[in-house]
Every structure is written in C-alpha cells, then in structure tokens.
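Notes follow the structure.
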Amino acid sequence: MTASVRGPQQERSRQTRERLLTSTVDMLAAKGWSATTVSAVAEAAGVSRGAAQHHFPAREDLITAVLEEMFQRMTAEAAEALDALPSGAERIEVVVDRAVAIYTGKQFKAALQVWAAAASDEALREAVLPLEAKLARAAHKLTVRGLDPEGTHGTEAHRLAQLTLDLARGLGLADTLSDDSARRAQVTAAWVEQLTRALA
C-alpha cells in the first residue's frame, strides 16, 4: 500500500475512533452505563458496528480508551490554564473554579457512570482503578501548583489542594440529579475566602 493511500485511511481511522470516543462520553453522561454498549455507541457515532468493534472489540476496551482520553485532555487543559493564571487572590478563585468545573462537567458525569458500574464488576474495577488513581494524582499535582506556585506552603498546600478536590467532587455529585449552581456558587465563594486566608 502506498503512503498516499495509507495517509487518508489512517486519517479516516483516527476520525472514526474520535467519533466513537466522543459518542461514548455523551451517551454515558446522558443515558448511563447500561445503555452505553459498543453497538449503541456505533449507531450514535454514525459508524458501522464492524468498524466500531475493529477499534474496540469489547465495551471495556471502549471505556478504558475513553478514560485515558479524558485523562490526557483534562491534564493538558489544566496545565495550559495554569500557565495563564493571574496572581494573588484572584489566582485562588480561578483554581477553585477550575477544579469545580472539572467535577461538574459532562466528562465527570460520564466517568461517574463507569465508577458506579465498576463497584460491582471486578474486571472493570481492575481496569478503571489505575486510571482513576492516575487522574487523581494529576489533578492533585496541578491544584497544588495552582494554589502554591512558589512552593512556599509545603504540606499545607498539599492538604488544601486535596480538600479543594474533595469539595469539588462533592459539588459534582450534588449536580448530577439537579441544577445545584446557586448553592455551589455560595460554597465555592466561602471556600475561596478560607483558602485566601490560609495561603496569605
């Protein structure tokens, strides 16, 4: 096969894979774990079932790929956002808002469906746990860097970063069943005040 033919085929394959991953996140977030099968995702993505199974032979393969993609995207976006953060107290507010946005977004809602399913599926849990741990470590590292860019607060910054992420995750869970944005804004503002005093 010539390079000129292989190039377009590789691009089509990449686009097919991307459509499948995007449709999986959308379906998990909107319809839940039980509805998110390879054939249902293929139909939503406008891809034949055979083509979907070529990329992802089983649902676990699809879900693992989705979580890896979410991890890469989240860390890349967060790292890029850190480089553009303001200084002073405003920085803390932006870091907290960013953490809350991660856990109230569509991708978290999709991941939550996978975590709930993994609680009673040992094989899925074994596949998901390393990815979840990787995501947690990256989120913590980025939050510490955001709250304490000079590294002057040591273990206190690490503790406050973990509390920030735990708070954000709790707010994300509260947002899964109903719009909790009004209360979330009040809680977030109160936490920013606490962090600002602690890191002054």
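Values in this text are rule-based calculations from the coordinates and carry no lab data. Since this is a predicted model, take the numbers as computed values, not measurements. Virtual Cβ from ideal backbone geometry, glycine too; neighbours counted across all protein chains shown.
Structure data summary
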{"quantity": "For the range 61-198, size of Cβ-based charge dipole, Lys and Arg +1, Asp and Glu -1, in debye", "calculated": "200 debye"}
{"quantity": "Label corresponding to Rg and Dmax of the Cα atoms in Å when calculated from the structure given, among (1) 21.8, 92; (2) 19.4, 64; (3) 18.0, 56", "calculated": "(2)"}
{"quantity": "Neighbourhood charge, 12 Å Cβ-Cβ cut-off, centred on Gly170 and excluding it, Lys, Arg +1 and Asp, Glu -1", "calculated": "0"}
{"quantity": "Most positive-pole-ward Cα, Ala84, Ala200, Thr64, against dipole of the chain from beta carbon charges", "calculated": "Thr64"}
{"quantity": "Options Leu163, Trp115, Thr152, ranked by Cα towards positive dipole end of the range 108-170, top entry (Cβ charges)", "calculated": "Thr152"}
{"quantity": "Rounded tilt (10° steps) of 89-104 against the dominant C-alpha axis of the chain", "calculated": "30 degrees"}
{"quantity": "Cα gyration tensor, the range 1-57 - rounded (a/c under 1.5), prolate or oblate", "calculated": "prolate"}
{"quantity": "Rounded if a/c under 1.5, otherwise prolate or oblate - the range 152-192, Cα gyration tensor axes", "calculated": "oblate"}
{"quantity": "Fewest-first sequence of Val95, Val100 by Cβ atoms within 10 Å of each Cβ", "calculated": "Val100, Val95"}
